[in-house]
Amino acid sequence: MFMSDPETHQQAVEIELLKQEIERLTTENQLLSSAAATFKTDADTQADNLLAGLAQFKLIADNVPVIVWTASPDGNVDYLNKRFTEFTGFSAQQSLDDGWYVIMHPDDVERTKQAWANAIGHGTNYEIEYRFKWGEDNTYRWQLGKALPLKNHNGKVIKWFGITTDIHEQKRAEHQKDEFLSIASHELKTPLTSVKAFMQLALKNTPPEEKAYGFISKSSSQLIRLESLINDLLDVSKINAGKMNYNLEPFNFSEALIETVEGIQQGNHKHHITIERNDAVVYKGDRLRIEQVINNLLANAIKYSPNNNRIIIRSELQQNNLIVSVQDFGIGIEPNNLTKLFDRYYRVDNTSMRFQGLGLGLFISSEIIKRHNGSFWIESQPGEGSTFFFLLPINGKQEFIDIETDHKTYYRGNFIEIKYLPQQQLLDVNWLGYQNFDSVKKGCLIILDLLKKNNCSKVLNDNTHVMGNWSEAVDWGGEFWFPAMQEAGLKHFAWIYSPSTFSRMSAHKSIDITMGKVTAQFFTDIDEARTWLEKMD
Ligand code: ADP
């Protein structure tokens, strides 16, 4: 009877529906609880893992004999390991509060702050030497500070990891070595000069037909070699101490070149030195020091070409620069050794046993050229020979002149031409002639300006007309210019090689330093570079 009551029937249906709903909700609730439980376990595991990772990091960091630190993206140091406290005598909190500029040598603070600000500003590696006060006896000790940025998938810095290593003993040993070499070479010089004078007297007073004449004459030439080695050591000591003096006077460069070549040719009959070009030039510089450079390059050309006797020397005037080159057809140099040749004591490994030398000649020569505001570079093929070049600016400094510009879409100078091509939406950059740090910096800043003004993201960087060296600007390009270009919207960078091996290597180096979000490609052919850029969006 109840069953047939429509109202009761309705209620029964509703109850049934409610039951179903409750069941559904219960199942959902169960599912949710189990998901929550899993999630909680996941989150717990992740937190545990993070904590374990952090504990592991601290355990390692606190037990290494170097200062380890981390910093937030804006550069505030937020963690310092135990070693810092041990070194300074500060508590961990004191160290974080007072910052480490308190214990830094006052002379090092400014440049360190600058380097740190640059690294933070550009998200690039940080490396610098400075002195810290040692808590134990309050003396300053040399440190090497290094830091690397940890970046997320967007290239944004999320943390800095740094290490500060005590290099005081190493620095002291280097200083002692330099001092020893300086004293030793000074002490050797005086007796050598008198032995040389006596040898000359002996040679004069010995008739050439006597057997002794040959011996004395051989001893004299060995003494000249010894004198040149001692002079190199003395020069390095002077360069290290910043005491190399230059006597700048105008002199007839072409005449000096002929005299130097004649001097070398007299003492060496095996090799034949040809002066292929010798433009008439009066140059203001230190004649003896410049002759020393030519002598050194010719001596190397002779030494490193035992199986070929041809040496060519050229001196030509180009755009107010004197370009001098010494070419040999000897053993040549592997590309990866080229840029290190100017370092002190550097000698190419696989040839150092075959040829005598101290590895100082090129270091001294490049210092002399630098002090004349010039530059130095090399072209070389292993097994085929080498050409060593140096450039001396006739007016004391290389001139990089603006010719015309509208400050928006084009710039023309005697060292670079830049134009914005609206159809291809790219900046067409053509570097010209002999570059140095000043020209590269000036050109790069104009490129940056035009890139911004045209909202452009592509650069066709043509180096085909670059002659000579611009390696000094490499670090600056990598650390400041490239990141700034990236910030200004650069996305695609096509680099067309210079024919100069030295410049090619510099190019690679600056790209290696920062790639960031920019795609950079090297080309030997300008049309291929254009096609590549057009395909990119
Ligand atoms: P040194 O000749 O006394 O070793 P340098 O500073 O003059 O020192 O040269 C450094 C290194 O450069 C040499 O050890 C040699 O490996 C390399 N080098 C210099 N000139 C030449 C050359 N003309 N051909 C091949 N290698 C050279």
Worksheet item: Name the residues in the range 305-317 that are within 16 Å of the ligand (Cβ to nearest atom) and either touching a residue at least 60 places away in the same chain (Cβ under 8 Å) or of a type outside the set (A, V, I, L, M) (or both), would you?
Response: Ser305, Pro306, Asn307, Asn308, Asn309, Arg310, Arg314
Discussion item. Condition check: open to solvent by 70 Å² or more (accessible area, probe 1.4 Å), part of a helix (DSSP H, G or I) and within 16 Å of the ligand (Cβ to nearest atom). Does Leu297 satisfy that?
Written reply: no
Discussion item. Any residue at all in the range 374-384 that's under 20 Å from the mean Cα position of the chain (by Cα), open to solvent by 20 Å² or more (accessible area, probe 1.4 Å) and either within 13 Å of Val293 (Cβ to Cβ) or in contact (Cβ under 8 Å) with a residue 60 or more places away in the chain (or both)?
Written reply: yes
Worksheet item: So which strands (runs of 3 or more DSSP E) are wholly in the range 424-537 and hold at least 2 residues that are modelled with pLDDT of 90 or more?
Response: 426-434, 458-467, 492-496
Discussion item. For the list (1) away from the ligand (no atom under 16 Å from the Cβ); (2) buried (at least 16 other Cβ atoms within 10 Å of the Cβ); (3) of a type in the set (S, T, N, Q), I need the number of the one condition that Thr464 fails.
Written reply: (2)
Response to the item:
Restricted to the range 318-328 and to residues being near the ligand (Cβ under 10 Å from one of its atoms) and open to solvent by less than 30 Å² (accessible area, probe 1.4 Å), the residue nearest to Phe253 (Cα to Cα) is Val326
Discussion item. One residue is enough: does the range 170-177 have a residue meeting the conditions more than 22 Å from the chain's Cα centre (by Cα) and assigned to a loop (DSSP other than H, G, I, E, B)?
Written reply: no
Item to complete: Give the residue that is surrounded by the fewest Cβ atoms within 10 Å (Cβ to Cβ), with candidates limited to residues of the range 350-373 that are within 21 Å of the chain's Cα centre (by Cα) and more than 8 Å from the ligand (Cβ to nearest atom).
Response: Lys370
Discussion item. Being open to solvent by 20 Å² or more (accessible area, probe 1.4 Å), in contact with a His (Cβ under 8 Å, 6 or more places away or on another chain) and within 9 Å of the ligand (Cβ to nearest atom) is true for just one of Ile302, Ile331. Which residue is that?
Written reply: Ile302
Discussion item. Quick test for you: out of Glu291, Glu255, Glu249, pick the one residue that is within 28 Å of Phe355 (Cα to Cα), free of Cβ contacts under 8 Å to residues at least 60 places away in the same chain and of a type in the set (Asp, Glu).
Written reply: Glu291
Worksheet item: Which pairs do you get when a residue that is touching a residue at least 40 places away in the same chain (Cβ under 8 Å) and closer than 19 Å to Ser221 by Cβ, found in the range 260-283, comes within reach of a residue that is basic (Lys, Arg) and open to solvent by less than 70 Å² (accessible area, probe 1.4 Å), reach meaning Cβ atoms under 6 angstrom, with the pair 6+ apart or on two chains?
Response: none
Practice prompt. Quickly run through the range 44-99 and pick out the residues that are among the small types (Gly, Ala, Ser), assigned to a helix (DSSP H, G or I) and closer than 24 Å to Ile120 by Cβ.
Written response: Ala61, Ala92, Ser95
Worksheet item: Quick one: in the range 139-161, which of the residues that are farther than 14 Å from Gly123 by Cβ and in contact with a Lys or Arg (Cβ under 9 Å, 6 or more places away or on another chain) is surrounded by the fewest Cβ atoms within 10 Å (Cβ to Cβ)?
Response: Thr139
Worksheet item: Can you name the residue in the range 467-502 that is within 16 Å of Asn430 (Cβ to Cβ) and more than 20 Å from the chain's Cα centre (by Cα) and, of all such residues, is most open to solvent (accessible area, probe 1.4 Å)?
Response: Pro499
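The values are calculated or read from the model by the stated rules, or taken from the named source; none is laboratory data. If you're wondering where the values come from, they're calculated on a predicted model, not measured in any experiment. Because the Cβ atoms are built from the backbone with ideal geometry, glycine has one as well, and the counts that use them run over all protein chains shown. The protein model used for the area step is the full one, side chains on, heavy atoms only, and it has no ligands, DNA or RNA in it. Shrake-Rupley method; radii C 1.70, N 1.55, O 1.52, S 1.80 Å.
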